[in-house]
Amino acid sequence: MDLLDWKNLPFGYLKTDFNIRSEFRDGTWGKLEVSTSEYINIHIAATALHYGQEAFEGLKAYMGKDGKVRLFRWEENAKRLMLSAEGIKMAQVSVEMFKEAVFQAVKLNKRFIPPYGSGATLYIRPLLYGSGAEVGVKPSSEYTFIVFVTPVGPYFKNGFKPVNVIICRDVDRAAPKGTGIYKVGGNYAASLRADVAAKDKGFVTSIFLDAKEKKYIDECGPANFFGIKDNTYITPKSESILNSITNRSLIEVAESLGIKTERRQVPVEELSEFTEVGECGTAAVITPIGKIVDPDKNKIYEYCKDGNAGPLTSKLYNKLVAIQKGDAPDEFGWMTVVE
Ligand SMILES: Cc1ncc(COP(=O)(O)O)c(C=O)c1O
């Protein structure tokens, strides 16, 4: 009997056997410990709870047809967690320590890695937070690092199909020179008002504009944005968006397919010139966008009129997913087999 109904897994949390933890005290990290508990014992004055000293990462392990388990560009997640830690003045986790914790968490929970072809993957969630007690606003002197994993089904149940999104002008997720480039919990808390309002109106998520001028596209919910026109993949350059690893990978994939790429400011009006648009991130790789509604300007931008993703979006998606699953050669050296 299968451990789980792999083909019908939600994109949600399911308990696995083990997680990995370490504590930073007196200026050094302790050794990585294996835990079977899903809970943490946290001080009531921990800086994570009061001042949002918390950062996380998200990456996936893929089971290949050959039975090998592969991680996609884990070093980039390790480096981004270091950047986020520095961004909110937390102790950093080294790339080596990140690797050891992530690989151990995957190996110890091997029975939860969804089989090849199920459409599901093992989602890995490294988490770092200030665990020391402070009452004044200052960085903690103690930190906790945890890596847990959970098997997840596809982010969107309908698969690789266009979704509708709405432009948000009354909420900013992050400001230039703020914390938008860091993967810290506060950005996500700040995005929830917009996200709930979008969902209440029947949209999958909202597009955030640059907070200063409200002229340029920033991000699309918890994902980066891209538009395609004239055989060119165009994605926003902004001081307040997360540096998506998926987006950077799509840029390289695009170039390998002879598609030109540009990273620059993307004015909202340019939406009328794109022939394909989408959002990208670890969770869904690419989500094609079928319709963008701009209620304040009374405008609707439509794409994918036949109900399917556009040709270049599909090409990019298929190539990147094939590399991640181990179906296509790892021509960029992005995959690490978990031995
Ligand atoms: C705000 C935000 N932007 C973009 C992304 C996509 O980043 P990545 O491709 O590294 O998963 C994510 C998800 O991690 C995110 O939370």
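At-a-glance table
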item: Surface accessible to a 1.4 Å probe, per residue, for the residues of region 62-176, Å²; result: 41
item: Region 189-281: C-alpha gyration tensor shape, a/c 1.5 cut-off, then a/b vs b/c; result: prolate
item: Straight-distance crosslink candidates among lysines, where the alpha carbon sits under 25 Å from residue 305 and sequence neighbours closer than 8 are dropped; result: 157, 161, 199, 201, 229, 260, 291, 297, 315, 319
item: Loop-located trypsin sites (Lys or Arg not before Pro) in region 62-114, at most 14 other Cβ atoms within 10 Å (DSSP); result: 65, 68, 89
item: Accessible surface of region 1-87, 1.4 Å probe, proportion on carbon and sulfur as whole %; result: 54
item: Loop-located trypsin sites (Lys or Arg not before Pro) in region 297-339 whose Cβ has at most 12 other Cβ within 10 Å (DSSP); result: 305
item: Highest-first arrangement of 159-166, 23-30, where packing means the average Cβ count within 10 Å; result: 159-166, 23-30
item: Percent carbon-and-sulfur accessible area, region 95-146, ignoring ligands, DNA and RNA, probe 1.4 Å; result: 55
item: Where the Cα pairs of the chain fall when distances are cut into 10 Å bins, in %; result: 5, 24, 33, 26, 10, 1, 0
item: 222 nm mean residue ellipticity, helices alone, for the chain (DSSP H n ≥ 4; -39,500 (n - 2.57); rounded to 500); result: -7000 deg cm²/dmol
item: Region 298-339, accessible surface, carbon-and-sulfur percent (1.4 angstrom probe); result: 47
item: Net charge over other residues, Cβ less than 13 angstrom from the Cβ of residue 210 (K, R count +1; D, E count -1); result: +3
item: Test item: Cα-centred dipole of the chain, Lys/Arg +1 and Asp/Glu -1 on Cβ, debye; result: 320
item: Percentage relative contact order, the chain, counting C-alpha pairs under 8 Å, at least six apart; result: 19
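The values are calculated or read from the model by the stated rules, or taken from the named source; none is laboratory data. On a predicted model such as this, the values are computed, not experimentally measured, just so you know. Cβ atoms come from the backbone with ideal geometry, glycine included; neighbour counts cover every protein chain shown. Just the protein is used for accessible areas: all its heavy atoms, side chains included, with ligands, DNA and RNA removed. Shrake-Rupley method; radii C 1.70, N 1.55, O 1.52, S 1.80 Å.
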